[in-house]
Every structure is written in C-alpha cells, then in structure tokens.
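In what follows, a single structure is set out as structure tokens and then discussed.
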Amino acid sequence: MAKRNVVDGLSAVNQNLEICFVSSDQLKDCLSMGYQHLMIKIPTISDIPKLSKQERLCFRLLLKGLVTKAIAYHLSISDNRARALLLSLRKKFTCTNNSELVAKAYAMGIHTFI
C-alpha cells in the first residue's frame, strides 16, 4: 500500500512539477525497494553563491527577461559593467550563458528570492 502511495505521489510530481512530501515510513519503503534515484535534492541557502548588491539587482532584471543593454540602463551603469556583472554571475553559478543562468535559477527554485 505504501509503495502505491509513493509512486502515485511521484507521478504527480512528474506530471505537475510540484513537490510531494512523503512520510518517513514511505521514504524507507521506497529506498528499500531500490528507488534511490527518486530522491530530489532541494537547494538550501548554502547552495546559493554569495552575491553583491549589484549582482543581485542584475540577476533580478535578467530573470525578468531584460537584455544586457536594458539591465545597464535600469541600473544606471555602462553596458560593459552590466556584461561584467553577468559574467560574474555565470561564473558563480557555473553557467556558460545567460539562458542557462536563468534556467538554473528556476531549477534551483531561487528565482523568487534573488
């Protein structure tokens, strides 16, 4: 019975992209049956790199969909400074481009509190 509930809950997670909480007994059952791959790491504050105030503001604007020039305009900084901030963010989050940076923020669930 517990196996079915866990599987149903995990199906809901996969279909609706929602977090499903299970009891410790259900989790033990799941693990004992070889479902280790179903465990999801939930990021914590310590997983988020330290950001300067300007990096945080820049990141927020990027997450809103602004491009480099628009970010520079909104922050009253040069285009070069905006590019430098974005480069710093990409390095801190180990991303190769801004799209990957945005995707990673959403995947980590940090897009709402950056």
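Where a number appears in this text, it was derived from the coordinates with a stated rule and is not lab data. What you see is a predicted model; the values in this text were computed from it and never measured. In this analysis, Cβ positions are derived from the backbone assuming ideal geometry, glycine residues included, and neighbour counts consider all displayed protein chains.
Can you check what the net charge comes to around residue 100, using other residues whose Cβ is under 13 Å from the Cβ of residue 100 (Lys, Arg +1; Asp, Glu -1)? Before the final figure, lay out each step's value.
Details: positive: 90, 91, 92, 104; negative: none.
Here the count lands on +4.
Along the Cα→Cβ direction, 7 angstrom out, place labels at residue 99 and residue 74. What is the inter-label distance in nm?
2.0 nm
Which value in Å is the Kirkwood Rh of segment 45-108 over different Cα pairs? Mind showing how you got there, number by number?
Values: mean 1/r = 0.0859 Å⁻¹.
This gives a value of 11.6 Å.
Starting at the first residue of segment 53-58, write each ³J(HN,Hα) from the Karplus equation 6.51 cos²θ - 1.76 cosθ + 1.60 with θ = phi - 60°, in whole Hz, x for Gly and Pro.
4, 5, 4, 4, 5, 4
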